[in-house]
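Colleague: Quick one: structure below, then a few questions.
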Amino acid sequence: MSVRQDFSLGSRADLRRTPAPLERVPLTPDELIGLELEPGTRDVARRMLAHGASPEFARLILSEVLRADARGAFAIDTAAAVLARSVPILPSPKRPRRHERAPLFAFVGPTGVGKTTALVKLGRKLREAGRRVVFASLDPLSLGALERVGTLESDCDRGEIPLASVRNAEDLRKLLRRAGAVDAVLLDTPGLSPREEQRLDELGRELERIAAPCELQTLLVLSAATGLGALRLITRAFAPLRPDGAVLTKLDETDEPAAAVEALVRARLGVAFLCDGQDARAHLLRPSGEALSDLVLRGHLAPAAGA
């Protein structure tokens, strides 16, 4: 057989045939993460990757596990302990002492992350604890939406919860005078795209001016159903507002909440509250190290005792 025959291109029909796709061999957790793992640490890696963590984050956590020489059945417990201390837990809202300024909790974040619902949940929790709260909004158009969440409207109509639109510090002072003794102000803000740099700068300045009569605490609301890339974009964009911490919402809408925990670690943000449902009268939880490690290693919060 000649060399020409050996390298024959064949007929035109042969050329029109679709070539068989190349089969990709899936990478092992060891290859993805770049560490030599044994069964226990490999199980941790699989869990983290399956629940939305990046290979880089998994490598960071597993490096700590290996440094502690935790292997086999001990690996997952050590990983849980490392994750539990990776994100600071913000303290519960405290009742202001006499002559102290009331805290103002400003919920900021993109559109659609659940800021308003989370704000109402917090207000109801505080009221159940005997706190006097007032609701305010920077956006007059969203005031009606704030009222409608969780039947807050009926409470406002009965005068049980003061609610107003505020545009400056004097508006807030008037609201506080009308409300009397107040333990907390809950401020809703318009949703902003992380690409709207000018409006984000304006919001930061507006919050500082309006919150003058109170002690400002800015909380960045993040949806756990958002991908890691978008979460990193959001945390970078809202960083100039100097958020004091974060609220993780929509934990019931994703199997990959590890991405949200990773975003907090990368942004060095503590967490104040977790939201795992739509009911404005419930589904607001205080975070714990155990809860955060469950999100990364289980993909969900552990059921409450007796649930």
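The values are calculated or read from the model by the stated rules, or taken from the named source; none is laboratory data. Computed from a predicted structure; not experimentally measured. Here the Cβ positions follow ideal geometry from the backbone for every residue, glycine too, while neighbour counts run over all protein chains shown. Heavy atoms of the whole protein, side chains included, go into the accessibility calculation; ligands, DNA and RNA do not. Shrake-Rupley method; radii C 1.70, N 1.55, O 1.52, S 1.80 Å.
Colleague: Residue-wise, which Karplus ³J(HN,Hα) couplings in Hz belong to the range 28-36, taking 6.51 cos²θ - 1.76 cosθ + 1.60, θ = phi - 60°, and x for glycine or proline?
Modeller: 7, x, 4, 5, 5, 8, x, 10, 8
Colleague: Another question, if that's okay. Assuming R0 = 22 Å, can you tell me the calculated FRET efficiency for the pair ARG236 and ARG209, based on Cβ-Cβ distance, to the nearest 0.05?
Modeller: Calculated value: 0.35.
Colleague: Go ahead and run the numbers for FRET between THR28 and HIS300, Cβ-Cβ distance against an R0 of 30 Å, rounding to 0.05.
Modeller: Taking R0 as 30 Å, the efficiency between THR28 and HIS300 is 0.75.
Colleague: Relative to the present Cα-Cα distance, how much length would full extension add between THR111 and ARG178 at 0.36 nm per residue of separation?
Modeller: In short, 21.1 nm is gained.
Colleague: Could you work out the relative contact order of the range 217-291? I mean the mean sequence separation of Cα pairs under 8 Å and 6+ apart, divided by the number of residues, in percent. Let's see the in-between values first.
Modeller: Details: 123 pairs, mean separation 24.2, N = 75.
It comes to 32 percent, rounded to a whole number.
Colleague: With every protein chain left in place, what is the accessible area per residue of the range 198-307 in square angstrom, probe 1.4 Å? Spell out each step's value before the answer.
Modeller: Numbers: 4810 Å² over 110 residues.
The answer is 44 Å² per residue.
Colleague: Separate question: Over the range 29-125, with the other protein chains present, what is the accessible area per residue in square angstrom, probe 1.4 angstrom?
Modeller: With the other protein chains kept in place, the range 29-125 gives 49 Å² per residue.
Colleague: Quick check: from the Cα gyration tensor, does the range 205-286 come out rounded (a/c under 1.5), prolate or oblate?
Modeller: Taking the square roots of the gyration eigenvalues as a ≥ b ≥ c, the range 205-286 is oblate.
Colleague: If you take the beta carbon distance between GLU38 and ARG268 as r and set R0 to 35 Å, what does 1/(1 + (r/R0)^6) give as a FRET efficiency, to the nearest 0.05?
Modeller: 0.65
Colleague: So, one more: What lysines sit close enough to LYS174 to cross-link, taking a C-alpha to C-alpha distance under 24 Å and skipping anything fewer than 8 places away on the same chain?
Modeller: Candidates past the 8-residue exclusion: LYS94.
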